[in-house]
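The values are calculated or read from the model by the stated rules, or taken from the named source; none is laboratory data. Since we're looking at a predicted model, the values are computed, not measured. All Cβ positions, glycine included, derive from the backbone under ideal geometry; neighbour counts span all protein chains shown. In case anyone asks, the SASA skips ligands and DNA or RNA and just uses the protein heavy atoms, side chains included. Shrake-Rupley method; radii C 1.70, N 1.55, O 1.52, S 1.80 Å.
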Amino acid sequence: MITIFKKAGFLILLILIWEAAYRIFGWGWRFPSALQTFHTFYDGLVNGQLLEAVYSSLRRIIIAFALSCVIGVSLGVLFARNRFVDETFGFLVVALQTVPSIAWLPFAIIWFGLNDFSVVFITTIGATWTMAISSRSGFRNIPSLYLKAAEMFGTGRGVKLFFQIMVPAAVPHLITGMRMAWAFAWRALVSGELIARGVGLGQMLEEGRNIGDTSIMLCVVLLIAVIGTVSDHLVFKRIEDRIMVRYGLHSAKS
């Protein structure tokens, strides 16, 4: 509770400083005040525009994130278990990770057009390589003693070994990879929505730029930050805690 009060107090102080700075320095339309941003947020909720944009963006990113996790973990296991593939295709994945996902948008538009599929495509690419590299590190760094001991106790080398030994041992890297992939997916999503047609938070950013309404732009930015923070604490952190307790890596909280 003390930590919560500290965070709440800091945010309130930050908002007061923000509003005071707006009035003192006279930023005008270049940067909105806290009250202007709040009114924009309220209006967006009342008329449903903001909720529709959030729903559309979440639908796209959840699809892309699920695909990136499946593809990334599969590649990570393949890289960790096959040295030849790791030294060839794994090397290519490391190189592709350095390419911004927005660079694939022109290809996506040519291949699929200005639609949801293009946005999901570049969002998936933006998160997959990070997930693959994190998964590779997690599975590759499993002590060989764990695997040998498990085989001696009859788990074999198949599915049983993977789910009972390898997955629990790689959990810290997998969760870290999921968090990073989620962040990269948001960046790719907003970049794609800035150009693609339809409804979404990226389109709202572009709309705010077109009409010179910085309060809409800042409202979207803050909303993305809030969604990211809430999802990290309420989803990824809870998944990590439950898995760690489930496999005996952490003790359950009383």
Only one of VAL120, VAL77 that is open to solvent by less than 50 Å² (accessible area, probe 1.4 Å), on the phi < 0 side of the Ramachandran plot, touching a Ser or Thr at 6+ places or on another chain (Cβ under 9 Å) and in contact (Cβ under 8 Å) with a residue 60 or more places away in the chain: VAL77
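Go through the residues of the range 115-122 one by one and say whether even a single one is β-branched (Val, Ile, Thr) and within 12 Å of LEU75 (Cβ to Cβ).
The initial filter retains those residues of the range 115-122 that are β-branched (Val, Ile, Thr), namely 119-120, 122.
Now restrict to residues that are within 12 Å of LEU75 (Cβ to Cβ): none.
Within the range 115-122, not a single residue is β-branched (Val, Ile, Thr) and within 12 Å of LEU75 (Cβ to Cβ).
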Here are some residues: LEU189, LEU194. Which one is under 24 Å from PHE236 (Cβ atoms) and either touching a Lys or Arg at 6+ places or on another chain (Cβ under 7 Å) or open to solvent by 30 Å² or more (accessible area, probe 1.4 Å) (or both)? LEU189
Residues LEU194, LEU218: which one is in contact with a Pro (Cβ under 7 Å, 6 or more places away or on another chain), farther than 18 Å from VAL77 by Cβ and not aromatic (Phe, Trp, Tyr)? LEU218
Going by what's in this entry, would PHE41 be described as over 30 Å from THR176 (Cβ atoms), of a type outside the set (Lys, Arg) and part of a helix (DSSP H, G or I)? yes
Which of the residues that make up the range 123-168 are among the hydroxyl-bearing types (Ser, Thr, Tyr), part of a helix (DSSP H, G or I) and either under 20 Å from ARG179 (Cβ atoms) or open to solvent by less than 60 Å² (accessible area, probe 1.4 Å) (or both)? THR123, THR124, THR128, THR130, SER134, SER135, SER137
Among the residues of the range 233-248, how many are surrounded by 15 or more Cβ atoms within 10 Å (Cβ to Cβ) and closer than 30 Å to PHE31 by Cα? 0
Output for Cβ contacts, cut-off 8 Å, separation at least six or different chains, first residue modelled with pLDDT of 90 or more in the range 18-47, second among the acidic types (Asp, Glu), reads SER33/GLU19; ALA34/GLU19; LEU35/GLU19; THR40/ASP213
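Assess whether THR88 counts as being open to solvent by 80 Å² or more (accessible area, probe 1.4 Å), out of contact with any Asp or Glu (no Cβ under 7 Å at 6 or more places or on another chain), at pLDDT below 90 and among the polar types (S, T, N, Q).
So THR88 does not fit the description; no.
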